[in-house]
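Step one of this worksheet: look at the structure below.
The values are calculated or read from the model by the stated rules, or taken from the named source; none is laboratory data. Here the structure is a predicted model, which means the values were calculated and not measured. All Cβ positions, even for glycine, are placed from backbone atoms using ideal geometry, and neighbour counts span all protein chains on display. SASA here: full protein model, heavy atoms, side chains in, ligands and nucleic acids out. Shrake-Rupley method; radii C 1.70, N 1.55, O 1.52, S 1.80 Å.
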Amino acid sequence: ELPTQQSIPYGGTGFLVGPGLLMTNRHVARLFTDGVGSAARLRYRPGDAGVDFKREAFTAGDNSSYFTVSEVVMIHPYWDMALIRVDGLADTYQPLTLSTLSPEELVGRDVVVIGYPARDPRNDAAVQDSIFQGIYNVKRLQPGKIGSRAQVSSFDYQINAMKHDSSTLGGNSGSAVIDIGSGQVIGLHFAGEYLKANYAVPSHELARDARVADTGVNFSNAI
């Protein structure tokens, strides 16, 4: 969430990947951070962003679990990925495990994308309202399957992304793509093309980057 910005209430989705460590998209973190690379090269003003682990539909009682972002740990120079830190998480908030399986091993797997889709003016309004029943900006579980890899443009690069066909919208930027069979994160959703495909950063590729592994991300095993 972006409490100091008036134009948009939140920039996307994040999920816990280590002790107090959350993963989201680079293009989400850039809404409140300047720079690229490790923390020493970044400029973030504490209080400009926060994470709410709830915001759930049809939930009685307290529907907020908010934590202020204390630090931006990394904005990746190649992948559309960023790592941010929050303080004060209780033990009830356990990090997810990121798979090190290659995307080629995962084609055809059933997955869910978990995030916070927002109504997107770039897409057909009637189709969105039909799928999401007119309810946006709350936590959603969006089923789909993994496809083959595809070359897509991301910042200044052509990257070899993982494809999936879960129904996502703009607020899903930074959502976890979770393999139903293992319960592990296999990708980080970052973009989609309407009625064509959605794209994710493969967790396998992040596991191969020592800079990411050294931050304490909870990978299933080392590569």
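Points to keep in mind about this one:
- Gly108 being farther than 23 Å from Arg26 by Cβ and either part of a strand (DSSP E or B) or in contact (Cβ under 8 Å) with a residue 12 or more places away in the chain (or both): yes
- Test: residue in the stretch 189-210 that is among the acidic types (Asp, Glu), under 26 Å from Leu2 (Cα atoms) and free of Cβ contacts under 8 Å to residues at least 60 places away in the same chain: yes
- Between Arg55, Arg119, the distinction of being of a type outside the set (A, V, I, L, M, F, W, C) and on the phi > 0 side of the Ramachandran plot belongs to Arg55 only.
- Restricted to the stretch 111-148, and to residues there that are in contact (Cβ under 8 Å) with a residue 40 or more places away in the chain and touching a Ser or Thr at 6+ places or on another chain (Cβ under 8 Å), the residue that is farthest from Val51 (Cα to Cα) is Gly144.
- Residue within the stretch 86-100 that is touching a His at 6+ places or on another chain (Cβ under 8 Å) and either under 27 Å from Gln184 (Cα atoms) or not hydrophobic (A, V, I, L, M, F, W, C) (or both) present: yes
- Across the stretch 154-166, the qualifying residues are those that are closer than 30 Å to Ala125 by Cβ and either at pLDDT below 95 or hydrophobic (A, V, I, L, M, F, W, C) (or both), and the one among them that is surrounded by the most Cβ atoms within 10 Å (Cβ to Cβ) is Met162.
- Criterion violated by Leu101 - all others in (1) at pLDDT below 95; (2) closer than 29 Å to Ser220 by Cα; (3) open to solvent by 50 Å² or more (accessible area, probe 1.4 Å); (4) aliphatic (A, V, I, L, M) satisfied: (1)
- Qualifying positions in the stretch 74-93 - in a strand (DSSP E or B) and either out of contact with any Ser or Thr (no Cβ under 9 Å at 6 or more places or on another chain) or buried (at least 24 other Cβ atoms within 10 Å of the Cβ) (or both): Met74, Ile75, Ala82, Leu83, Ile84
- Complete set of residues in the stretch 118-134 that are outside any helix (DSSP H, G or I) and open to solvent by 50 Å² or more (accessible area, probe 1.4 Å): Arg119, Pro121, Arg122, Asp124, Gln133
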